[in-house]
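Asks: To start, I am sharing the structure in question, which I have written as structure tokens.
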Amino acid sequence: MTAIRLGLGEKSYDVLIGRGLSGRLGELLRERVPDAAGSAAGGGGIAVVADGAAWGLHGGALAASMARAGLDFSAVTLEPGERGKSLEGLGALYSAFAAMGLRRGGLVIAFGGGVTGDLAGFAAATWMRGLPYAQVPTTLLAQVDSGIGGKTAINIDEGKNLVGAFRQPLLVASDTALLDTLPPREFRCGMAEVIKYGAIRSKSLFEAVKGPLPAERLEGVIGECCRIKGGIVERDELDTGERMLLNFGHTFGHAVEKLGGYSRHSHGEAVASGMALAAAIGERAGITRAGCADGLRGALRAQGLPDGCEYGPDELLPQLRLDKKSGGGGVCMAMIRDIGDSFLRQMGYGELEACCSGLWRADAGFG
């Protein structure tokens, strides 16, 4: 098992990575979450918010581990998909919390991918003015990225993740055995975030995932991504500076997701398109080394991910004005100088439009 400590003062917590951890969750909660036993013993209750598909496959092992540890809980399952991360989905979760009698002193456990973690985390941050929660991420994308760092959010019609809160979990337990049953498309989507971490901070990681990832390397790769993100979060928890580097590919990626109605493209696929666009725009602006875009797009193709974008600038650019990093006539974008070397740059809307010009020619591969 790999253990990584995020040092955030009173909000510090452990990220654990290894096979079989979901089957030990009850034990881990008793060891590492001081109030877990009290929550189960009448202190407010424990709610497990689970992706329905993940619960059907693996919920039995988690429930058995909780029973062995003497931790009673109530479970609510969610329909898979980004569309559930909405005001309606949040309201339904609040109603479930009320029905199960979840109160102050309670605990929420998110058991699922990024959508489940975001929705359950935001519900925990706001129910009864805030309950503690733990993350048990069941997808590669959530294990390397969304399950750590404390960002919680829902989508609204106007854009992705526009309503949210920072709420650090008490514990993250990433069970790599859960990835054995992950559909290939979902595994590829997680690889988009792994490529992102290599692109912004680690050339060696980037080189390691330009081809097939051997099973024996998986825990180490997840751990490296978590160390990169953990270090950044420790220095910039509230996303006012360095942490914005983690948005590489996400500015355009969120626009892609919205244009696809949050159903046509997965988050990882949209981020892959966004990274390809950001690197190509960076080259056209003269701020990214020539050839980086081709190298990045090659890595994306090797993992079966999109290396272009079906939406043109007339559709994409208006969406950027609602991005959380937008303002002052442009948007603050995470860019790369080279693989492993990232920086933040304010890109004016006019500059972005000029740099996008020509990218959708047939020979450029973006259309």
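Asks: Does Val172 qualify as being β-branched (Val, Ile, Thr) and either in contact with a helix residue (DSSP H, G or I) (Cβ under 6 Å, 6 or more places away or on another chain) or open to solvent by 40 Å² or more (accessible area, probe 1.4 Å) (or both)?
Replies: no
To keep it simple, each residue is scored yes or no on (1) open to solvent by 20 Å² or more (accessible area, probe 1.4 Å); (2) out of contact with any helix residue (DSSP H, G or I) (no Cβ under 6 Å at 6 or more places or on another chain).
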| site | (1), (2) |
| --- | --- |
| Thr2 | yes, no |
| Gly9 | yes, yes |
| Arg19 | yes, no |
| Leu29 | no, no |
| Gly44 | no, yes |
| Val49 | no, no |
| Gly52 | yes, yes |
| Gly60 | yes, yes |
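Asks: I've got another one for you. Name the residues in segment 327-345 that are out of contact with any strand residue (DSSP E or B) (no Cβ under 8 Å at 6 or more places or on another chain) and closer than 18 Å to His254 by Cβ, would you?
Replies: Gly327
Asks: Now a separate question. If I go through segment 262-285 residue by residue, how many of them are within 15 Å of Asn161 (Cβ to Cβ), aliphatic (A, V, I, L, M) and surrounded by fewer than 24 Cβ atoms within 10 Å (Cβ to Cβ)?
Replies: Here the count works out to 0.
Asks: I would also like to ask the following. From the list Glu242, Glu186, Glu216, which one is open to solvent by 10 Å² or more (accessible area, probe 1.4 Å) and within 20 Å of Leu300 (Cα to Cα)?
Replies: Testing whether each residue is open to solvent by 10 Å² or more (accessible area, probe 1.4 Å) and within 20 Å of Leu300 (Cα to Cα) leaves just Glu186.
Asks: Okay, moving on. Take the conditions open to solvent by 50 Å² or more (accessible area, probe 1.4 Å) and out of contact with any helix residue (DSSP H, G or I) (no Cβ under 7 Å at 6 or more places or on another chain) and apply them to Gly91. Does it pass? Full working, then the answer.
Replies: Numbers: open to solvent by 50 Å² or more (accessible area, probe 1.4 Å): no; out of contact with any helix residue (DSSP H, G or I) (no Cβ under 7 Å at 6 or more places or on another chain): yes.
Answer is no for this residue.
Asks: Additional query: If we keep just the residues of segment 142-159 that are open to solvent by 20 Å² or more (accessible area, probe 1.4 Å) and either modelled with pLDDT of 95 or more or of a type in the set (Gly, Ala, Ser) (or both), which is nearest to Gly260 (Cα to Cα)?
Replies: Checked segment 142-159; the qualifying residue nearest to Gly260 (Cα to Cα) is Ser146.
Asks: Same structure again: Can you tell me which condition Leu259 does not meet? The list is (1) open to solvent by 30 Å² or more (accessible area, probe 1.4 Å); (2) of a type in the set (A, V, I, L, M, F, W, C); (3) touching a strand residue (DSSP E or B) at 6+ places or on another chain (Cβ under 8 Å), and all the others hold.
Replies: Condition not satisfied by Leu259: (3).
Asks: Taking the condition open to solvent by less than 10 Å² (accessible area, probe 1.4 Å) and hydrophobic (A, V, I, L, M, F, W, C), does Leu162 pass?
Replies: No: the conditions fail for Leu162.
Asks: I'd like the full set of residues that are open to solvent by 10 Å² or more (accessible area, probe 1.4 Å) and either touching a residue at least 40 places away in the same chain (Cβ under 8 Å) or small (Gly, Ala, Ser) (or both), limited to segment 94-112.
Replies: Hits for segment 94-112 are Ser95, Ala96, Ala98, Ala99, Met100, Gly101, Arg103, Arg104, Gly105.
Asks: Moving on. Could you run through segment 266-300 and say how many residues are in contact with a Lys or Arg (Cβ under 8 Å, 6 or more places away or on another chain) and hydroxyl-bearing (Ser, Thr, Tyr)?
Replies: Residues that pass the stated criteria total 2.
The values are calculated or read from the model by the stated rules, or taken from the named source; none is laboratory data. What you see is a predicted model, and the numbers here were worked out from it, not measured in a lab. For neighbour counting, all protein chains shown are included, and Cβ atoms are generated from backbone atoms with ideal geometry for every residue, glycine included. Side chains are part of the model used for accessible areas, which takes the heavy atoms of the whole protein and leaves out ligands, DNA and RNA. Shrake-Rupley method; radii C 1.70, N 1.55, O 1.52, S 1.80 Å.
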